[in-house]
Structure formats: structure tokens, C-alpha cells
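K.L.:
Sharing a structure, written as C-alpha cells. Questions coming.
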Amino acid sequence: MTEPWASVEDVAKHLGVVKDSVYRWIEHRRLPAHKIGRLWKFKLSEVDKWVRVGGAGENGSRGRR
């Protein structure tokens, strides 16, 4: 079975954060996201992998300015 696409709201709920954090991670920390029209869509397996490798960490090297 194919993994369904998740919305920003779904990802925020899955990770226990607010939607603003998800948008910030897309922009600054390269959260794996796919823009479909005006909407951002995600595969939760890709999001989970990103978290495991430290993408969401405060001191993570991904996308730091």
C-alpha cells in the first residue's frame, strides 16, 4: 500500500508542534516537503527520517544560518 500524503496540520500534530514550526523548518532546515499547487505535502516516513538524523535539533547543521 502506498503511503498517503500528509498536510502541514498532519505533520504538526504528528510531531507535537505548531504549524509555524513546520513552515519554519521547511524554509530554514530543509524539512522534506513537496509543494503541490499552493499546498505543502509530506510523507511522514521522510519527516521521521529527517527528525532521526537531527534535522529538527537546535544545534543541527542542516540549514543553519
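The values are calculated or read from the model by the stated rules, or taken from the named source; none is laboratory data. Everything numeric in this text was worked out from a predicted model, so none of it was measured. Neighbour counts are summed over all protein chains in view; Cβ atoms, including those assigned to glycine, are modelled from backbone coordinates with ideal geometry.
K.L.:
Of (1) under 12 Å from the mean Cα position of the chain (by Cα); (2) modelled with pLDDT under 95; (3) surrounded by 12 or more Cβ atoms within 10 Å (Cβ to Cβ); (4) on the phi < 0 side of the Ramachandran plot, ARG62 satisfies all except one. Which?
P.N.:
Among (1) under 12 Å from the mean Cα position of the chain (by Cα); (2) modelled with pLDDT under 95; (3) surrounded by 12 or more Cβ atoms within 10 Å (Cβ to Cβ); (4) on the phi < 0 side of the Ramachandran plot, ARG62 violates only (1).
K.L.:
Also, I was wondering about something else. Quick one: in the range 1-48, of everything that is among the small types (Gly, Ala, Ser) and in contact with a Phe, Trp or Tyr (Cβ under 9 Å, 6 or more places away or on another chain), which residue is surrounded by the most Cβ atoms within 10 Å (Cβ to Cβ)?
P.N.:
Once the filter is applied, the top-ranked residue is ALA33.
K.L.:
Just to be sure, is GLU46 modelled with pLDDT of 95 or more and not hydroxyl-bearing (Ser, Thr, Tyr)?
P.N.:
Spelling it out, GLU46 is indeed modelled with pLDDT of 95 or more and not hydroxyl-bearing (Ser, Thr, Tyr).
K.L.:
So, in the range 1-37, how many residues would count as being under 20 Å from GLY54 (Cβ atoms) and acidic (Asp, Glu)?
P.N.:
1
K.L.:
Also, quick follow-up: If you scan the range 1-58, which residues turn out to be acidic (Asp, Glu) and in a loop (DSSP other than H, G, I, E, B)?
P.N.:
GLU3, GLU58
K.L.:
Please list, ordered by first then second residue, the pairs with beta carbon atoms under 8 Å, 6 or more apart or interchain, first in the range 2-17 and free of Cβ contacts under 8 Å to residues at least 60 places away in the same chain, second of a type in the set (Ser, Thr, Tyr).
P.N.:
GLU3/SER45; VAL8/TYR23; ALA12/SER21; LEU15/SER21
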